[in-house]
């Protein structure tokens, strides 16, 4: 059978790496059963789009028309709709409803379209629940404010609003009065695919529970895992801290919810996996079902990793018609028909991007804002919580607890701990947060232990602290010692970690493919691997700047090590990913990625070496400490890493190598900074040293802005200087991913940013091969890359960023590690850079490589602006995108157009109309822009200052000065493209800011870079007459 | 609240000693150390008479979170000789909570140990089988050598635990169809399921004769679960053999094993038994899978003549149910009354009542 699998596209808030994991599992299961897999996904940084995973791979935009064409070409027999998140599900339903599937005789595998429809439609679902006697909250599906108001008058406030068919609760909210109801509904209607929203009574403060269910087509069903949200109702489950299994349900409670879950899943007709969410009033025991997800989800990925039960694999086999009784549990070799038993406690904490968006509200609620999550395992609740906090890799700021308890923010857990430190009582915090007192008492115990350690530090207390998950660093901070002092003391007391197995059965059966977590008790089950082994340090939670691309590289490292005859040992804590799948590596440790946790594993396993290049900045940051403690770092040496990361040393090296750098300096105080900037000349790029993805990086245009930056944006100290670089405007930024064996250097590709220098490379649209660089410039870049690779003694990967201006190539920075473009370059050139880098790291020579580049590829990006209200969407040196797409074509235009289409930029309208608003320096380009737009049939709107001189353009008053203005045009849908290049500076009350926010909230493409729009319009112009080019991605290079 | 400095030790017959913290009563006791993998339902498990003569270890590490309530009792008292957990919650949070686990153990004079590596013990039992053990809680010193010595001679293979576990005098519950439940250490769950199905349940002692049962003129007979080796209570084999065919019989767990013995079949001791709420059982006739509650250390290895295999364990393929159409006997190895555990097989009570 030929089976179409639809992926989930770029990483966005609410849809992350978990769908690469579930899709990859599905592909393996399908191929394992002898089927041919056609896979479609626009995200190149996915294992599922690897040749090794699927048979025929399309890296193409995920839209219904694109899928229809692929179905016409490939003629699949069946389709799997439930492994590609809401994206995959929605497209599948569109194809079903438009009759495409019927026309081409493609059948749904697993849960069928009717069942999905019932599960997704609020009205149908609620009706079914009434029929089978499962309680729901009183609610009404409405399509107008009047209907909602009527309902509110009978039920009262607060009310929860949920738009139909949206992702991660987008557009939902809680209304406390009629005014809020109207506001939220207006937004919800716009975002709902059906123009409908559900208005529901609020169960604020009730406990929230999730059940992951598997059901086969014979109706056999079982619970894989139940989970309890520590944050009660009112916080989206994706935003909640979650514990598995439930901690506060009695067996009687649990069976009530279990029975209900099975009954619901049976009534809906699920064939595969399903997530059921309940809310229970723990004062009375009454419960309601909130909703179900008739597909694999983020929760199912978590449940899968938390229990060891391969949900995606089993669900796929069920979709193929297999019975639960015929499927084997891959972990234990016993039957897949059982309910996993845990003998540990699992904590999930979401990872939020607020460090990147200081201006957005940190309040968490019914709409998701987190980009990723971490999972930690412990034998006690406290142990799991403390480890999970460590996994987040965040700096916990000093806070006033009262600002974070209610409404909850991302910092609520820390606010609770801080409150206990101040002597507040469980009862009081319960009244404020409604968090179950059992959890609050555990948090209180954590603080009590802190205080005991401070008061009277003993060996017994140290052991207790370790069993409660405290790190050496934390314990040290309580008693004024550093991490290593505690580590040594601990060792002298023989307080050492042991490792336990996650085996899905609480030890009842032997596990064949186990994974491990650390504890401080009893038996060590992780007997060191006898064969030669290598540790790969993972990338931790998905966050802006460190996304799925790094997990892709880590997974490839595990595959490469297997090919090379090494046992691979993975350390990671992100439950969504392929790297934490039970069969990706030979051995997996689910652990925080701190020096302490990683070094403990190194000491347990004594591997040949440790790979630190692939896990992003996380692993690079602990490389030095690991090395000093005796771990062997594979590949580029610690000194090489330091040479690249230390600006002073790096600058000296560049001078030695004769490679020009933009004028720069390091400032240790404000007056330094002002002097250096004046000497270099404004504008300058400023940033803290040692950063990840340009955090707190800005372009400043004068002394006043620089002073503001130093005051507000960074903590500038003698130990933490800031770096100041000349900003090269009107220049081409380009970057290189290269690998080296220490002698020879191979350049994977020279990429060019479509946006001008100054926009973070993670946010830029990137073309491969370069379009505008001359052969001479490319040659210089090649020479420089080789020199730098040699200068840094690179063994493995290096990413180098250059700027080309007026024939001169400047070096911006070199990263002695995998970059986020590695998967993109590897997919484009068909050369697996990460795998080859691992070969070099274990001492293999660079082979002869022949990149095929008879085509063009463009990487585009998606942003989380819709979810993060109050943020400006203009781009700068600080990275803010969450995910990426790839477009490939025989021409650059085709590649670029498809990359943008995949990122959601659609200009396909009956009445195209654009609003132009450009900053002063771009204004000279208005005539050219208008010409291009007119050629494409666009009506042009703008203020008189911008489009006054353009023939046929419609001029409108400025915002607040008359009607219709830009906002009204955007909100009414008259305008369907906004081109706005922002003025300099970070002001949020400008007209431009309002326009940009309005377009985001109305789902209208808003392009903020003049280069982007020029290239896009040219591409549309050229493609106007031609068909969208769609083919398996390996066919483009032929 | 928390017991003051109560220490505890768990001593295995092979001499292994685990030192931990004590809770519950200050006492020393012996029993067969077994583990249960249910993540909820410790109150039901502790009051399950089938644990008579055993020391119960819960594999889930956090026990006691929701306290002890007034309803989830499977009998009036705690039956295991001792309770072993990784962590005991000394506070609890639940609307039904009326006391704490620690107090409950104290009231029942049962010692508990926490703060030891329970998983290590489970792995030991998995590899070497269930093991006679002793549990001791103490405040000052403990003569471990003496306990070890006592353990050496500890032998429970011939012990009849049933007599201790069952009612001493007949008891009656509910109104409606008359059912006799022969009590070998019955869980209240069985009585509850029958009573909610409008039955008048006459609970009789395990030693009741066939005449005593028949004299009540029941419409159906239930044979309960219970502790110990099914080969030991031969008086039960006799009674059951005589009752067969008089009216429909439905047997659970030990009752099921006793039927095997009564009609010429046999049982064997499993290495470490099945104790948990997650065991999949398939009904051979309908191919329907149920996730079941199990608590047994023995299994039927020879089905008596005239009986058909009706249910098997999907995992280790052990016998999970038998039926004899001529004699109208239905028996299962697992616990359709659940408590704790899934309700998937409660339908068996309906089937039984349909047979009548």
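Annotations for the structure displayed:
- Any hit, segment A:107-130, residues being in contact with a helix residue (DSSP H, G or I) (Cβ under 6 Å, 6 or more places away or on another chain), surrounded by fewer than 20 Cβ atoms within 10 Å (Cβ to Cβ) and assigned to a loop (DSSP other than H, G, I, E, B): no
- Filter result for residue B:75 (part of a loop (DSSP other than H, G, I, E, B), surrounded by 14 or more Cβ atoms within 10 Å (Cβ to Cβ) and more than 9 Å from chain A (Cβ to nearest Cβ)): yes
- Counted residues, segment A:452-476 - those being in a helix (DSSP H, G or I), surrounded by fewer than 17 Cβ atoms within 10 Å (Cβ to Cβ) and either without any contact (Cβ under 8 Å) to a residue 12 or more places away in the chain or in contact with a strand residue (DSSP E or B) (Cβ under 6 Å, 6 or more places away or on another chain) (or both): 3
- Pick from segment A:368-381, criterion more than 14 Å from chain B (Cβ to nearest Cβ) and either in contact with a strand residue (DSSP E or B) (Cβ under 7 Å, 6 or more places away or on another chain) or not in a loop (DSSP other than H, G, I, E, B) (or both), ranking: farthest from residue A:162 (Cα to Cα): A:376
- Qualifying residue in segment B:322-340 (condition: over 22 Å from residue B:199 (Cβ atoms) and within 10 Å of chain A (Cβ to nearest Cβ)): yes
- Where strands (runs of 3 or more DSSP E) sit wholly within segment A:484-584, those with at least 3 residues that are at pLDDT 95 or above and buried (at least 24 other Cβ atoms within 10 Å of the Cβ) occupy A:515-519, A:533-537, A:567-572.
- Those strands (runs of 3 or more DSSP E) of segment A:175-250 in which 2 or more residues are surrounded by 21 or more Cβ atoms within 10 Å (Cβ to Cβ), under 30 Å from the mean Cα position of the chain (by Cα) and within 14 Å of chain B (Cβ to nearest Cβ) occupy A:207-215, A:221-229, A:242-244.
- Tabulated pairs, segment A:604-616, first at negative phi and assigned by TED's automatic domain parsing to the domain that holds residue A:796, second at pLDDT 95 or above and crowded, with 24+ Cβ neighbours inside 10 Å, C-beta under 9 angstrom, 6+ apart or interchain: none
- Restricting attention to segment A:715-774, the residues that are in a strand (DSSP E or B) and under 14 Å from residue A:877 (Cα atoms) add up to 8.
- Filter result (within 12 Å of another protein chain (Cβ to nearest Cβ), under 19 Å from residue A:386 (Cα atoms) and part of a helix (DSSP H, G or I)) within segment A:427-444: A:437, A:438, A:439, A:440, A:441, A:442, A:444
- Residue within segment A:65-72 that is buried (at least 24 other Cβ atoms within 10 Å of the Cβ) and closer than 27 Å to residue A:369 by Cα present: no
Listed here are the residues, each with its yes/no results for (1) in a helix (DSSP H, G or I); (2) in contact with a strand residue (DSSP E or B) (Cβ under 8 Å, 6 or more places away or on another chain); (3) in the same structural domain as residue A:771 (by TED's automatic domain parsing).
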position: A:861; (1), (2), (3): no, yes, no
position: A:866; (1), (2), (3): no, no, no
position: A:871; (1), (2), (3): no, no, no
position: A:876; (1), (2), (3): no, yes, no
position: A:884; (1), (2), (3): no, yes, no
position: A:896; (1), (2), (3): yes, yes, no
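- If you go through segment A:318-363 and pick out every residue that is touching a strand residue (DSSP E or B) at 6+ places or on another chain (Cβ under 6 Å), away from chain B (no Cβ under 14 Å) and assigned to a loop (DSSP other than H, G, I, E, B), you end up with 1.
- Applying the condition of being within 12 Å of another protein chain (Cβ to nearest Cβ), in a strand (DSSP E or B) and without any contact (Cβ under 8 Å) to a residue 60 or more places away in the chain to segment B:16-67 and asking which residue is farthest from the chain's Cα centre (by Cα) yields B:62.
- Taken as a whole, the condition of being over 21 Å from residue A:322 (Cα atoms) and within 11 Å of another protein chain (Cβ to nearest Cβ) does not apply to residue B:286.
- Taken over segment B:218-250, the criterion of being in a loop (DSSP other than H, G, I, E, B) and touching a strand residue (DSSP E or B) at 6+ places or on another chain (Cβ under 7 Å) is satisfied by B:218, B:219, B:224, B:225, B:229, B:230, B:231, B:244, B:247, B:248.
- Qualifying residue in segment A:776-799 (condition: free of Cβ contacts under 8 Å to residues at least 12 places away in the same chain and surrounded by fewer than 18 Cβ atoms within 10 Å (Cβ to Cβ)): yes
- For segment A:97-118, the count of residues that are in contact (Cβ under 8 Å) with a residue 12 or more places away in the chain, closer than 30 Å to residue A:156 by Cα and outside the structural domain of residue A:60 (by TED's automatic domain parsing) is at least one.
- So residue A:813, is it within 17 Å of residue A:737 (Cβ to Cβ) and at pLDDT below 95: yes
- Wholly within segment B:85-152, helices (runs of 4 or more DSSP H) carrying at least 1 residues that are under 24 Å from residue A:465 (Cα atoms) and more than 12 Å from chain A (Cβ to nearest Cβ): B:101-107
The values are calculated or read from the model by the stated rules, or taken from the named source; none is laboratory data. In this text, all values refer to a predicted model and were calculated from it rather than measured experimentally. A quick note on method: Cβ atoms are made from the backbone with ideal geometry, for glycine too, and the neighbour counts reach across all protein chains shown.
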